[in-house]
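The block underneath contains the structure these notes are about, expressed in structure tokens.
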Amino acid sequence: MSWDVLIQELPVDLRSLDEIPDDLVPRPLGTRAELLATIRAAVPVADLSDPSWGVIDGGGYSIEINLGQGDPVAAVMLHVRGGPPAFAVVRTLVMAIGRPALDCGTGAVIDFEAPDAAAGFEAWRAYRDRVVGPDRGSR
């Protein structure tokens, strides 16, 4: 069970998934080589040995980084498991890539500057703890 975050080019004023125009064709995020270099610089411990599917294993969390098969890369999907340190790493990745991030659970664009930026992540953790338990759902 993971908290999923989509990073892709979106209209500047978009606040939620419901506002995405049906005819939107987002610009690519960049070449695979550019994105891999950006991720390595932002999170040096990232295992990017598979250039389409990276993994970050940290203390009490893991993040899978799905870059897909295309080049240039259209979007990045993060599959996040674990506790609070994971949110800080997600923020670091999103800021490094420099594009908006959609919380796939809430459908909202994550505003990392807002006081409640982690609200969607915390809601997912509470749900996970109810469904699978806090220890089993960490990784």
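Suppose the chain between Asp22 and Asp116 were pulled fully straight at 0.36 nm per residue; how much longer would it get relative to their current alpha carbon spacing?
Extra length from Asp22 to Asp116 when fully extended: 31.0 nm.
A P(r) calculated from all alpha carbon pairs of the chain, with 10 Å bins opening at zero, reads 12, 44, 35, 10, 0 percent. Just want the answer: with Cβ charges of +1 for Lys and Arg and -1 for Asp and Glu, which residue in Ser49, Val12, Met1 is farthest toward the dipole's positive end in the range 1-127? Result: Ser49, furthest along the dipole toward the positive end. Each helix, a run of at least 4 DSSP H residues, gives -39500 (n - 2.57); summed and divided by the residues of the chain, these come to -8500 deg cm²/dmol at 222 nm.
Residues whose amide H lies under 5 Å from that of Gly30, counting only those 5 or more places away or on a different chain, are Val73; hydrogens are built 1.01 Å from N in the peptide plane. The residue list Leu93, Ala74, Pro26 was ranked by how far each Cα lies along the charge dipole of the chain toward its positive end, using unit charges on Cβ atoms, and Leu93 comes out on top.
As a ratio to 2.2 N^0.38 Å, the alpha-carbon radius of gyration for the range 48-127 is 1.09. For the chain, a Gaussian network of Cα nodes joined below 10 Å ranks Glu34, Glu113, Glu64 by mean-square fluctuation, and the top entry is Glu113.
All of the numbers you see were taken from the coordinates with simple rules; none came from a lab. Quick caveat, the model's predicted, so the values are computed rather than measured. Note: ideal-geometry Cβ built from the backbone for every residue, glycine included; neighbour counts use all protein chains shown.
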